[in-house]
Amino acid sequence: MSTLAHDDHHDHKPTGFKRWFFSTNHKDIGTLYLIFALTMFFVGGAMAMIIRAELFQPGLQFVDPQFYNSMVTVHALIMIFGAVMPAGVGLANWMIPLMIGAPDMALPRMNNMSFWILPFAFALLLSTLFMDGGAPAGGWTMYPPLVLQTGDAFPFLIFAVHFLGISSIMGAINIIATVFNMRAPGMTLMQMPLFVWTWVITSFLLIASLPVLAGGVTMLLTDKYFGTSFFDAAGGGDPVLFQHIFWFFGHPEVYILALPAFGIVSQIIPAFARKPLFGYASMVYATASIAILSFFVWAHHMFTVGLPIKGELFFMYATMLIAVPTGVKVFNWIATMWKGSMTFETPMLFSVAFVILFTIGGFSGLMLGITPVDFQYHDTYFVVAHFHYVLLTGAIFALMAAAYYWLPKWTGNMYDERLGKIHFWLSLISSNVLFFPQHFLGLAGMPRRIPDYNIQFADFNMISSIGGFAYGITQLLFVYIVIKCAMGGKRARARSWEGAKGLEWEVPSPAPFHTFETPPKLTKKVLEGLY
Amino acid sequence: MATQEIYYIPEGSKWPIVGTLSLFVTFLGGAMMFNSVDAGKYILIVGLALLTYMFAGWFADVISESIAGKYSKQVDVSFRMGMGWFILSEVMFFAAFFGALYYARMFSIPWLSGEGQGGHNGTHEFLWSSFQASWPMNVMPDPSKYTQYNDVVPAFGVPAVNTALLLASGVTVTFAHWALKKANRTALSAWLFATVALGFIFVYFQAGEYAHAMHELDLTINGGIYGSTFYLLTGFHGFHVTMGAVMLSVILFRSLKGHFTNKDHFAFEAVAWYWHFVDVVWLGLFIFVYWI
C-alpha cells in the first residue's frame, strides 16, 4: 500500500438493498453499470445470433420478416444504448475518481439515478417484443414515415429513448463536474490521464447531441398522435428533416461510443510498451478536434436522399477532415509502441487489435464518406461491415481490454491469463470471419436489413454466420473468466501491471470502498507517471 | 479545483430510485394512453404525483443538509456546474425545434413549391404542382390532410406585451438578487413576488392567446408545418415558463421563511439562471416565430 492511499479503517459501508439501490458510491455504481452492460451485451448478442441464423442460408428459415426487422432494430438500440454506452459510463464511474484523486463523483446521488434509469428504460423497450404489432422494426434510426407504422410499441420506443437520454445527460453532467471540480489539488488539465480527457469530451458530445434526439423523437410522437406535420410533405414538412435531426445526434453519438475507447487504449498501450504515451498534447487536441468536427458531418449518412450538390460536397470534405485527427491518434499509438519493451498480456492484445481493426473500420468509413462512391455503398452490407469494425472490433475490443486491464484493481485478483489469451484469439479470428466477408457482400450489392437474399450471396453469408456463432460462444468464455477472477486467483498487487502508471495504481487492489477521502499529495514522481 | 482537506460525500438516498420509478410510471402511463388503454391516464397521474413527491422530497433533503452546514464550497461548485450544463442541454432541446422551423422555411417549403434542382423538387412536379411557397404557409400542399387557418397571431399584439413582461421579469429577478446580496429581505421578497407575478401573467396571456388562435383563427397544431412549429415551440416554452414560475415561487416561499444568506444562495441563482434562459428562448421565439 503506497503512501498516497489513505487509511480505510472508518470504511463504513451500507449493506444489502440500501447498498445497491441507494448507493452514492462510484465504485458500486460503476460495478452496476458494468454488470448491466455485460448483461445487455448478451441480450443484444442473442438477437444478433437470430439475425445470423436467419441469414445462414438464402430463403426464410426461422423467423418472419417483421420479426427479423425487429431483431435488427432492437439489437442496434440495445448494443448502443444498453451495452457500449453503459460500459463506458461504468468505466468512467470506476476509474475517473481514482485517476484524478477524487473521493467520488461530484454528484453521487444523481449518479445513482443515471444508472437505475437504464434497467427501467430497457424494460419499456423490451416489453415491446410482446406487444401487438411487435417490437419496433423500422431500424434504430427511426426514420419516418416507416417508423410511424410501428404498432403499440411506438410510444414505448419514443419514451425509452427519452428515458435513456435523461440518464446519459445526467451521467455526462456528472462527469464534467467531477473532472472540472474534483481533481486532486495540483493536477492541471494537461496532466489528466487520457481516459479522463476522452470522457470529458464525450460528455460534451452527450450534452449537446442527446437533447436534439429527444426533440426529434418528440416530433415523431406529435406527428403520429397530435397531427403535426414535421415529417409530412403534405403539410409542408419533410421526412428528410428527421434524418437531419437524427444524424445531428447520430454522428456525435458515433464518437460518444468511440472516444472512451480511444481513451482506454491510450492508457493501456503505454503501460505494456513501458513508454509514456507519444504526443500526449496532440492526443488531447486530436480528441477535441474529432469531437468538434463530429457536429459538422452528419449529412454523410444521407448522401442518397437528394441533397443539393453543395451540401453533398460540404459534408464530404468535412468528413475527410476527421481522418486527420484520427490519423494523429493512430500514429501516436504506433509511435508509443515503437522501440518499447513490449509484452502482450490480454489487455495489450485487445488494444493492439483495436488499433489495427479500428483503422480498417476507419478506412471503410473514408470510402463511405466519398459522396459518389457512397451512392453505390449506401444501405448495403458494406456499411454493416464498416460500423461493426468500428464498434465491435473497435469499441467493444477496447472495452474488453479495459476490463482485463482493471479487473485486478476491481477484484483484487489477477484473471486467468491463459484463458484471457484464448478469449482474445478466438474473438479476433471469429469477429474477422464474421465481418470481413460482409465488405464483399456489400460491394456486390447485398442490401442491409433484409432477411432473405439472392443466391449469389450465399457463401459469404454462411461464412459470416459461422464467424458470428463462434464470436457469440467465445464471449461466454469472457463471463467465465470474469466470474473466476472475482471468486479468486493470484492476488493482485496495488500496481497490478509493471508498466502501469497513474493514481489508480497507488491505491490497494481491490480498491477499498472509499478512496481519497482526503486529497492525495501529488509528488513530482506521481505527476510524471500520470500520462 | 479542490482546496479543502476533507471531501464531502452525501449519504445514500432513496430519492434517485424514487425518481427513476416515478419517471418509469409516468412514461408507462403515457405510452398506454397513446395506445388507448383506459388505465393509462391513472397510471400517468400516479407517475406525475410520484415525480412531484420526488422533487419535493429530494430538494427538501438537500435544503436541510445545506442549512445544517454539511456542504463545502466544492459541493457548491459542483451544483453550479450541474445547473449550467443542464441549461445547455435544454438549449439544445429547443435548438432541435428551431432547426425544424428554419429547415421548413429555408428548404422544405421552397422545394415543395418547385425550387431547386437535383430531385428534391420532384414532390412539386408529381404530387402538388399548384403549391406555392408562402410564410405563414396557410395553404397546405395537400389541403385535405391538414386544417386551413384564417390567420396567425401577429407579433405586435399580445406577444409583444409578453416580451415586455418577460424582459421586465428578468430585471426584477436581478433586483431581487441585488437586494439579497445587500441582505435587504423586504426588497428581496417584493422583487421576487413581482417576478413570480410577471411569470404567471405571461402564462395567462399565452393561454388566452392560444384560445384565440384555436377558436377564432382556426390555427391548431394540425395547421401544417406552421401550426406544428408554432405550437411545439411556444408550447414547450410555455411549459418551461410555468416550471420556472413554480421554481421562483418556491424560492419566494423560502426567502419568506428566511432561507438564503447574502453570500450563500445558490438555489436562488440557479432559478434565476433558468429564468434568464426561458427569457432568451422567448426572444428567439418572438423574433423567429411571431415576427419575421
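Quick notes on this one:
- B:ALA187 vs. criteria surrounded by fewer than 17 Cβ atoms within 10 Å (Cβ to Cβ) and either hydrophobic (A, V, I, L, M, F, W, C) or assigned to a helix (DSSP H, G or I) (or both): yes
- Looking across the stretch B:114-171, just one residue is acidic (Asp, Glu) and closer than 15 Å to A:ASP232 by Cα, and that is B:ASP142.
- Which listed residue, of A:LEU434, A:LEU407, A:LEU391, A:LEU428, is surrounded by 17 or more Cβ atoms within 10 Å (Cβ to Cβ) and farther than 23 Å from A:HIS75 by Cβ: A:LEU407
- Every condition in (1) over 21 Å from the mean Cα position of the chain (by Cα); (2) more than 21 Å from A:ILE173 (Cβ to Cβ); (3) at pLDDT 95 or above is met by B:LEU48 except one, and the failing one is (1).
- Tally of residues being without any contact (Cβ under 8 Å) to a residue 24 or more places away in the chain and in a helix (DSSP H, G or I) across the stretch A:119-133: 2
- Inside the stretch A:126-145, residues that are under 19 Å from A:ILE166 (Cβ atoms) and either touching an Asp or Glu at 6+ places or on another chain (Cβ under 6 Å) or away from every other protein chain (no Cβ under 11 Å) (or both) make up a count of 3.
- Which listed residue is within 19 Å of the chain's Cα centre (by Cα) and aliphatic (A, V, I, L, M), from A:LEU220, A:LEU213, A:LEU241: A:LEU213
- Residues that are in contact with a Gly (Cβ under 6 Å, 6 or more places away or on another chain), in a loop (DSSP other than H, G, I, E, B) and buried (at least 21 other Cβ atoms within 10 Å of the Cβ), drawn from the stretch A:472-518: A:ALA492, A:LYS501, A:SER509, A:PHE516
- Qualifying position, being in contact (Cβ under 8 Å) with a residue 40 or more places away in the chain, of a type in the set (Asp, Glu) and either buried (at least 24 other Cβ atoms within 10 Å of the Cβ) or facing chain B (nearest Cβ under 7 Å) (or both), among A:ASP152, A:ASP104: A:ASP104
- Only residues that are part of a helix (DSSP H, G or I), surrounded by fewer than 18 Cβ atoms within 10 Å (Cβ to Cβ) and more than 27 Å from the chain's Cα centre (by Cα) were counted in the stretch B:75-115, giving 1.
- The residue list A:TRP94, A:TRP116 contains one member that is aromatic (Phe, Trp, Tyr), in contact (Cβ under 8 Å) with a residue 60 or more places away in the chain and under 16 Å from A:PHE163 (Cβ atoms), which is A:TRP116.
- Summed over the stretch B:185-229, the residues that are of a type in the set (Lys, Arg) and closer than 27 Å to B:SER144 by Cβ give a count of 0.
- Counting residues in the stretch A:370-383 that are in contact with a Gly (Cβ under 9 Å, 6 or more places away or on another chain), assigned to a helix (DSSP H, G or I) and among the aliphatic types (A, V, I, L, M) gives one or more.
- A single member of A:LEU32, A:LEU38, A:LEU60, A:LEU55 is buried (at least 23 other Cβ atoms within 10 Å of the Cβ) and either of a type outside the set (Ser, Thr, Tyr) or closer than 15 Å to A:ILE450 by Cα (or both), and it is A:LEU55.
- Enumeration of residues in the stretch B:215-229 that are on the phi < 0 side of the Ramachandran plot and surrounded by fewer than 24 Cβ atoms within 10 Å (Cβ to Cβ): B:HIS215, B:GLU216, B:LEU217, B:THR220, B:ILE221, B:ASN222
- Any hit, the stretch B:123-138, residues being part of a helix (DSSP H, G or I) and either small (Gly, Ala, Ser) or buried (at least 19 other Cβ atoms within 10 Å of the Cβ) (or both): yes
- Every pair of residues 6+ apart whose Cβ atoms lie under 6 Å, when the first sits in the stretch B:30-52 and is within 14 Å of chain A (Cβ to nearest Cβ) and under 20 Å from A:THR222 (Cβ atoms) while the second is among the aromatic types (Phe, Trp, Tyr) and assigned to a helix (DSSP H, G or I): B:ALA31/A:PHE156; B:ALA31/A:PHE159; B:PHE34/A:TYR225
- Output for the stretch B:88-106, where each listed residue is free of Cβ contacts under 8 Å to residues at least 24 places away in the same chain and either at the interface with chain A (Cβ under 7 Å from one of its Cβ atoms) or among the β-branched types (Val, Ile, Thr) (or both): B:LEU88, B:SER89, B:MET92, B:ALA95, B:ALA96, B:GLY99, B:TYR103
- The set of residues in the stretch A:440-455 being in a helix (DSSP H, G or I), more than 26 Å from the chain's Cα centre (by Cα) and farther than 14 Å from A:PHE56 by Cβ consists of A:LEU443 alone.
Okay, residues lined up against (1) under 29 Å from A:LYS310 (Cβ atoms); (2) not polar (S, T, N, Q):
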position: B:SER130; (1), (2): yes, no
position: B:TYR149; (1), (2): no, yes
position: B:VAL161; (1), (2): no, yes
position: B:LEU167; (1), (2): no, yes
position: B:ASN184; (1), (2): no, no
position: B:TRP191; (1), (2): no, yes
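- If you go through the stretch A:137-150 and keep only what is part of a loop (DSSP other than H, G, I, E, B) and closer than 22 Å to A:GLY44 by Cβ, you end up with A:ALA137, A:GLY138, A:GLY139, A:TRP140, A:THR141, A:MET142, A:TYR143, A:THR150.
- From the list A:LEU391, A:LEU368, A:LEU399, the lone residue that is out of contact with any Ser or Thr (no Cβ under 9 Å at 6 or more places or on another chain), more than 30 Å from A:ALA492 (Cα to Cα), touching a residue at least 12 places away in the same chain (Cβ under 8 Å) and of a type outside the set (Val, Ile, Thr) is A:LEU391.
The values are calculated or read from the model by the stated rules, or taken from the named source; none is laboratory data. Not measured: the values here are computed from a predicted model. Ideal geometry is used to build each Cβ from the backbone, glycine not excepted, and the neighbour counts take in all protein chains shown.
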